[in-house]
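The values are calculated or read from the model by the stated rules, or taken from the named source; none is laboratory data. The structure presented is a predicted model; accordingly, all values stated were derived computationally and were not measured. Heads up, the Cβs are rebuilt from the backbone with ideal geometry, glycines too, and the neighbour counts pull from every protein chain shown.
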Amino acid sequence: MDPLATQPEQTDDHRTWQYGDDVFPLIAPTPLLNTWKLFEAWLRILQLFALCGVLAWSVASLPEVIRNVHRANLYRHIPALTHLHSAAAQTKPNAAVEPSSGAMQTLRPADSPEAYCVAISEYLADSRTTSDWLALVCLPCLSFGSAVGVVVSLICLPASRWRALGLGMCNSAVTMGWLLLTTTPRDRSEGAFQLFTPGQEWGIAIDLPVYEKLMYAWTINDLPAATLSMTLGLLIAIWFARPITRFVVRLLLLPASRWHIAWLWTADGLRVPGAQRSSS
């Protein structure tokens, strides 16, 4: 074939965007390509920072999720905590609350955090039901992990879902190890935490140092189940986030516009539906 005969065709090609079936390689003048590569490099750097930020936030936020759930439901354990009523409180425990017996009754305000962990572990083993585990530990952490998983799955583009799943597993392992090593009772030496029954009736008041040791013991006790629940939610969200996103994009965008986000399909080895475009 005569090279001169193909020259007009190549010139026309440079004036238009050319797309293959899967990757959509860009054929454009060199300055435009260089600008695009520079933009892509900065985008990858921002992507890395965003991913590290999300993973660090998930590690720091998981104990707060557990802590807030237990704080909201601590009133259910008032009968087991009456002996820890603050001596400095101006009021006495509610007379309608009958103290319970069990491992918690052996605790004293001056006991170590480790002693609180042992006592609460025994107490929960006897008193916590399967529905309590689901409602207070598994479901909140599953929801938290799902939210993190959706963000991680989309930030990891154009990496495949399998790589994103591997990253999610590593994040969960690091989260559990880091929290087991670094979680400690907060240092709060003044004041008291007041507990009320669901009807807003007076219950008991607990000194803040005792309250912090209780929260620490509950967090450590539930951390393995919470981490496993977060991992499950994380992996489920990573696996299903992209198909759901692709479905929504197909509903919202015309076929000719989908090439702008082709990596949403090509990252997982898929062809972009309806986004083929002629060079003519």
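Put simply, of I204, I120 the only residue that is at pLDDT below 80, surrounded by 19 or more Cβ atoms within 10 Å (Cβ to Cβ), farther than 30 Å from L51 by Cβ and not small (G, A, S) is I204. Sub-8 Å Cβ pairs linking a first residue in region 250-264 that is in contact (Cβ under 8 Å) with a residue 60 or more places away in the chain to a second residue that is polar (S, T, N, Q) and surrounded by 14 or more Cβ atoms within 10 Å (Cβ to Cβ), at least 6 apart or interchain, are L264/T245, ordered by first then second residue. Answer yes or no as to whether L181 is in a helix (DSSP H, G or I) and without any contact (Cβ under 8 Å) to a residue 40 or more places away in the chain. Yes: the conditions hold for L181. For region 151-162, which residues satisfy the criterion of being modelled with pLDDT under 85, out of contact with any Leu (no Cβ under 9 Å at 6 or more places or on another chain) and of a type outside the set (G, A, S)? Matches in region 151-162: R161 only. Residues in region 156-166 that are among the hydrophobic types (A, V, I, L, M, F, W, C), surrounded by fewer than 19 Cβ atoms within 10 Å (Cβ to Cβ) and either in contact (Cβ under 8 Å) with a residue 40 or more places away in the chain or under 30 Å from E114 (Cα atoms) (or both): L157, A159, L165.
For (1) more than 20 Å from L165 (Cα to Cα); (2) surrounded by fewer than 20 Cβ atoms within 10 Å (Cβ to Cβ); (3) of a type outside the set (D, E, K, R), each residue gets a yes or a no:
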| residue | (1), (2), (3) |
| --- | --- |
| L232 | no, yes, yes |
| F240 | no, yes, yes |
| V249 | yes, yes, yes |
| W263 | no, yes, yes |
| D268 | no, yes, no |
